[in-house]
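Engineer: I have a structure I would like to understand better, so I am pasting it below and will then ask my questions one at a time.
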Amino acid sequence: MKIKDIVEILQGELISGEELADKEVLTACASDMMSDVLAFVKEQSVLITGLCNPQVIRTAEMMEMCCIVFVRGKRPDQMMIDAAKAKGIALIAAPHRMFLSCGLLFEKGLKAEF
């Protein structure tokens, strides 16, 4: 699945990272607790979260993730957008709650992080 597919499936908005729209992603993890992401994510994936602060960008960078999906209509501020651009991380804003967002992506073939 490509990042642009995630945007379409979630009826979201690609806030930044247009140059990454054709990047292929295979797995995703969902959490509002960045400590869980740091402890359990093993491979590059998409981070789905309702947490909207600079720590999310730093966590994604540390885990070499290429995309963050902010659920529940959350939108990153300009400082977060700039940081994500500098780190090569695409940002998506999605209107759905986390559970539905994960279900929609799983249904279309995006797999869970193991």
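Engineer: Which of rounded, prolate, oblate describes region 37-97, given a ≥ b ≥ c as roots of the alpha-carbon gyration tensor eigenvalues and a/c under 1.5 marking rounded, otherwise prolate only if a/b is larger than b/c?
Structural biologist: Details: a/c = 1.80, a/b = 1.19, b/c = 1.51.
Taking the square roots of the gyration eigenvalues as a ≥ b ≥ c, region 37-97 is oblate.
Engineer: While we're on this one: Rounded, prolate or oblate: pick one for region 1-78, where a ≥ b ≥ c are the square roots of the eigenvalues of its C-alpha gyration tensor, a/c under 1.5 means rounded, and failing that, prolate if a/b is larger than b/c, else oblate. Before the final figure, lay out each step's value.
Structural biologist: Values: a/c = 1.64, a/b = 1.21, b/c = 1.35.
In terms of gyration-tensor shape, oblate.
Engineer: While we're here: Mind putting a number on the dipole of the chain about its Cα centre? Charges go on the C-beta only, +1 for Lys and Arg and -1 for Asp and Glu, and I need it in Debye to the nearest 20. Numbers along the way, then the final one.
Structural biologist: Numbers: 13 positive and 16 negative charges, 44 e Å.
Magnitude of the dipole: close to 200 debye.
Engineer: Can you tell me, using C-alpha contacts under 8 Å and at least 6 residues apart, the relative contact order of region 1-58 as a whole percent? Provide the component values of the computation, followed by the final result.
Structural biologist: Numbers: 50 pairs, mean separation 17.6, N = 58.
Value for region 1-58: 30 percent.
Bear in mind that the values in this text are calculations on the coordinates, not laboratory data. No experiment lies behind these values; they were computed from the predicted model shown. Heads up, the Cβs are rebuilt from the backbone with ideal geometry, glycines too, and the neighbour counts pull from every protein chain shown.
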